[in-house]
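A quick write-up on the structure given underneath.
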Amino acid sequence: MPKSLKYDDSSLESIVNYASKLVGKSIDDILKTASSDFVVNSKNKGLIGIILEEYYFGIKANSSPKPDFEKVGVELKIIPLIQQKKALVVKERTKICSINYTTLVDESWNSSHAKEKLNKILFIYYLYDKTDFQKSKILKVDLWELSKGNSELLIQNDWENIQKKVIEGFAHTLSESDSEVLAASRSGSGGKNKAGKLRDLVPQANKNIEKEALKRAFSLKQSFTNQRWKELESVQKYESIIDSLQITNFDSFESKVLAKINEYEKKSIQELSDIFELNIKTQSKNQIATIIKKSIGFLSVKSKIKEFEQLGISVKTLKLRQSDMRPLESVSFPSMDLREFSYETWENSVFREMISKILFVPVYHNGNSLEEKYLGKSFFWSPTPQEELIIAAEWKEYQNEVLNGNCRVRKISNKSKRGYKEVSSLSKESATTIIHMRPHGRDSDDRDEDIFANSIVKQSFWLNKNFIQNLLKTKG
């Protein structure tokens, strides 16, 4: 091995064994053993990655298109984790490589630059400490291979769709929302120059297209790496829809899933309980999740759906009134951290990820018994460009309200056990078109604080009833 390295860079086993010694170490521990002084630039978003690459693995910063461990074809990726409620989750997307519009148009998937970087990745997961980055600690090392499992089916489909847009001269319309797993994410410094023109604009591959496109990079979406982390860390069992439905082409993924679930349209929950030999309780909160898993052929109702988590697909049950498809309640999303929400941008927001794709499962209620509730026609939904513009504007308006102190509550006397109710100045559902914010805590003691230390019951975003009702009518 090279004298300057403490491992054999021509041996995959040696690289992984050396990487495994990182587990339990903090960034400060690594810097203390570094052979030279490190100048901290806290504005550098990739600071921890640079430290691990250069001061632990001896990989100098370079612009080489080859994988970091070139001799064994392995790329190194450093994944930050943050604490969210009771679980650790991946903090952000993972950049794989820059997109060169000019060369991309002539590539094939099997020989592409992106696939070369994706074939084998050494993931290093660390718990990010936002108060002192040097206290951030390495938790796990994982050698991931593209060829194992069904990941390549998902990733190749995204790559080909991005390439198609570039070839056709639509690189300027690329968006992360176009992709399921491998996204064309913004790259560069961002913002505008003094003349008011967007920075990071480059020519398209087709010289006849005058419209410039933003610099972009291939990145693995947060949902994909987060599923991998959960699979590594948890005893939770996953099953694959691709396996259970024998899907060989991603273009048929949604249609095959819907075809299986909608075989049971118009059947009551009690009928489905009998068909699948399930003991579904009247008040059970996981009735629909259980039925979906059995309808697509899962062996265990306790398994999680691997591709749904990889693709960031959430499942939402719509409780409906039969006569007019009116939702009995708005559609909720997990509660937010008000302080973090205050500093997000829409492009990188948690909520944008949550609504990227949803499987809606309508359930018509003629009463409360299992015999009086039956399945409607399920469908996938992602915001159209116009819907996303509206959602982004409403999201931004709520962010402004939070930043203006609208979370401050006042107490109004009533006849409840507490003797009062709390009211904030946040806009109500009637003031918006698609989304609104309202309480989503377990009870009045499940609270959050905004940046002004105002205490309020935990809040979340909800899809408006009117929007859901209109959506259902368009879906037939």
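The values are calculated or read from the model by the stated rules, or taken from the named source; none is laboratory data. Worth saying up front: this structure is predicted, and the values here are computed from it rather than measured. Cβ atoms come from the backbone with ideal geometry, glycine included; neighbour counts cover every protein chain shown.
Structure summary
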{"read-out": "L122 being of a type outside the set (G, A, S), buried (at least 17 other Cβ atoms within 10 Å of the Cβ) and under 21 Å from the mean Cα position of the chain (by Cα)", "value": "yes"}
{"read-out": "The listed residue being assigned by TED's automatic domain parsing to the domain that holds H172 and closer than 30 Å to H172 by Cβ, out of D68, D106, D132, D142", "value": "D106"}
{"read-out": "Those residues of region 381-414 which are in contact with a strand residue (DSSP E or B) (Cβ under 7 Å, 6 or more places away or on another chain), at pLDDT below 95 and not hydrophobic (A, V, I, L, M, F, W, C), in sequence order", "value": "S382, R410, K411, S413, N414"}
{"read-out": "Complete set of residues in region 339-387 that are polar (S, T, N, Q) and either crowded, with 16+ Cβ neighbours inside 10 Å or touching a residue at least 12 places away in the same chain (Cβ under 8 Å) (or both)", "value": "S342, N348, S349, S356, N366, N368, S369, S378, S382"}
{"read-out": "Some residue of region 406-417 being β-branched (V, I, T), in contact with a Ser or Thr (Cβ under 6 Å, 6 or more places away or on another chain) and surrounded by 16 or more Cβ atoms within 10 Å (Cβ to Cβ)", "value": "yes"}
{"read-out": "Filter result for A114 (loosely packed, with under 14 Cβ neighbours inside 10 Å, in the same structural domain as L174 (by TED's automatic domain parsing) and of a type in the set (A, V, I, L, M, F, W, C))", "value": "no"}
{"read-out": "Enumerated helices (runs of 4 or more DSSP H) restricted to region 157-271, each holding at least 3 residues that are surrounded by 15 or more Cβ atoms within 10 Å (Cβ to Cβ) and more than 22 Å from the chain's Cα centre (by Cα)", "value": "253-261"}
{"read-out": "Set K302, K316: member being loosely packed, with under 14 Cβ neighbours inside 10 Å, within 24 Å of the chain's Cα centre (by Cα) and either among the charged types (D, E, K, R) or outside any loop (DSSP other than H, G, I, E, B) (or both)", "value": "K302"}
{"read-out": "Residue list for region 439-476, restricted to those being within 26 Å of R326 (Cβ to Cβ), among the basic types (K, R) and out of contact with any strand residue (DSSP E or B) (no Cβ under 6 Å at 6 or more places or on another chain)", "value": "K473"}
{"read-out": "Filter result (closer than 17 Å to Q156 by Cα and surrounded by fewer than 19 Cβ atoms within 10 Å (Cβ to Cβ)) within region 84-96", "value": "K95"}
{"read-out": "Selection within region 422-474 - modelled with pLDDT under 95, loosely packed, with under 15 Cβ neighbours inside 10 Å, of a type outside the set (S, T, N, Q) and under 23 Å from S382 (Cα atoms)", "value": "K473"}
{"read-out": "Count of residues meeting criterion [of a type in the set (G, A, S) and in a helix (DSSP H, G or I)] in region 272-294", "value": "2"}
{"read-out": "Complete set of residues in region 74-95 that are part of a strand (DSSP E or B) and either under 16 Å from the mean Cα position of the chain (by Cα) or within 19 Å of P203 (Cβ to Cβ) (or both)", "value": "I79, P80, L81, I82, Q83, Q84, A87, L88, V89, V90, T94, K95"}
